[in-house]
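Structure first, commentary second.
Only the coordinates and a few stated rules stand behind these numbers; no lab work does. In this text, all values refer to a predicted model and were calculated from it rather than measured experimentally. No Cβ is skipped: glycine too gets one built from the backbone with ideal geometry, and neighbour counts run over all protein chains shown.
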Amino acid sequence: MRPFLQTSSLVLLALLIVPFALYAIDFGQSGLRDALPEPHYIQSENTVANVSVFVHMATGAAITALVPFQLVPAIRRRWPALHRWSGRLIIVAGVATAVGGLVYIALRGTIGGTPMDIGFSLYGVLLLGTALQTIRHARAGRFVDHNAWALRFFWLALGSWFYRVHYGLWYLATDGLWSNPQFTGGFDLVQNFAFFLPYLLGVEIYLRRRR
Ligand code: HEM
C-alpha cells in the first residue's frame, strides 16, 4: 500500500507541475530564438546573460518535471538502468539551471535588487551543491548518502514551482498584500528565501529522525 500511495502522490505532483514546466520551456525557447511576444525585462544587450537565463528556464523545466519520477519505487526497482540514465540527465540539467541562473544574477541582477539576488544566489548554490553530492555518492556506491542528497535535491528542484504556488495562493487569499511589482514588499522579501529554505529544513528534520 505504501509504495502505491508514494507512486500516486509523485505522479499527481508531476501532473500539477506540467503547466509551469510548459510555461518555462516556452519562455526559454522563445527567448533563445529572440521571439518573445514583446521585449521582456529579463532580456538585455548582454548575449551571455540572455542565453544563461533562457537556457536555465528550459533545463529548469526539465528537472522540475522529471524529478518526481526519480523517487518512484517501482522504477528504481524494476528499471535501475533507466533510473541511472534519467538521474545523470537530471543532474546535468540541474547544474546547467543553477549555473545559468547564477551567471544571469552576476551579470544582470534580479528585478528585486540585493535581497532577491542573495536569495536566488543561495538557491542556485544549494541546487548546484546537492546535484553534485547526489551523483558523487551514487558513483561511489554510498547509497544512504546518495538517497539523502537526492531528497535535498528533489525539494530544491521543486523550489521554482513552489515560488509560483506561494505567490498564487497569497494573491488569492490577500489580493497581493505586502507585495509589489518591484518585489520589495514584506511578502516579497520573505519569499526570496521561503520557497526553498523551509522545505530544506523539513528534509533535515526528516533525515535526522530517520537516523
Ligand atoms: C528549478 C528550476 C527552475 C525553473 C523551472 C526556472 C524558471 C524560471 C522562469 C520561467 C523564469 C522567468 C520568470 C517570469 O518572469 O515568469 C525565471 C527567472 C529567474 N530565475 Fe529561474 N528557474 C529555475 C531555477 C532557478 C535557479 C536555481 C536560479 C538561481 C541560480 C534561478 C534564477 C532565476 C533568476 C535570477 C530569474 C530572473 C528573476 C528576475 O529578475 O525576475 N532560477 N526562472
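Which residue, 68, 181, 115, has the most motion in a Gaussian network model of the chain that connects Cα atoms within less than 10 Å? Top of the fluctuation ranking is 181.
Cut-off 10 angstrom, C-alpha nodes, Gaussian network model of the chain. Which of 58, 93, 14 fluctuates the most? Comparing 58, 93, 14 in a Gaussian network model of the chain, the most mobile one is 14. Can you figure out the FRET efficiency of residue 190 with residue 15, using R₀ = 25 Å and their beta-carbon distance, to the nearest 0.05? Efficiency, from the Cβ-Cβ distance: 0.30.
Per-residue ellipticity at 222 nm computed for the chain from its helices equals -27500 deg cm²/dmol, with DSSP H segments shorter than 4 residues left out and the rest contributing -39,500 (n - 2.57). The modelled label-to-label distance for the pair residue 182/residue 51, using points 7 Å beyond Cα in the direction of Cβ, is 3.4 nm.
Among 172, 22, 126, the residue with the largest mean-square fluctuation in a Gaussian network model of the chain, with springs joining Cα atoms closer than 10 Å, is 172.
May I ask you to compute the full-extension gain from residue 44 to residue 210, defined as 0.36 nm times their residue separation minus their alpha-carbon distance, rounded to one decimal in nm? Please report the intermediate quantities before stating the final value.
Numbers: separation 166, 0.36 × 166 = 59.76 nm, distance 4.73 nm.
Full extension from residue 44 to residue 210 adds 55.0 nm.
Taking every C-alpha pair closer than 8 Å and separated by at least 6 residues, the mean separation divided by the residue count of the range 2-210 gives a relative contact order of 18 percent. Near residue 192: Cβ cut-off under 15 Å, other residues only, Lys/Arg at +1 and Asp/Glu at -1. The net charge is -1. Overall, the ratio between the Cα radius of gyration of the chain and 2.2 N^0.38 Å, rounded to two decimals, is 1.05.
Under the 0.36 nm per residue contour assumption, what length would be gained going from the current alpha-carbon distance of residue 145 and residue 173 to full extension? Show your work: numbers first, answer last.
Numbers: separation 28, 0.36 × 28 = 10.08 nm, distance 3.97 nm.
Here the answer is 6.1 nm.
Can you tell me the length gained on complete extension of the stretch residue 74 to residue 34, counting 0.36 nm per residue apart and subtracting the Cα distance? Walk me through the numbers before you get to the answer.
On the way: separation 40, 0.36 × 40 = 14.40 nm, distance 4.15 nm.
Computed gain between residue 74 and residue 34 is 10.2 nm.
Taking Cα atoms only, the orientation of helix 80-107 departs from the longest principal axis of the chain by about 20 degrees. Given R0 = 22 Å, the distance between the Cβ atoms of residue 23 and residue 84 translates into a calculated FRET efficiency of 0.15. In this rough spin-label picture, where each label sits 7 Å from Cα along the Cβ direction, the residue 8-residue 197 distance is 3.6 nm. Across the range 122-137, coupling constants 3J(HN,Hα) worked out from phi with the 6.51/-1.76/1.60 Karplus curve, θ = phi - 60°, read 4, 4, x, 5, 5, 4, 4, x, 5, 4, 5, 5, 4, 6, 4, 5 Hz, and Gly and Pro carry x.
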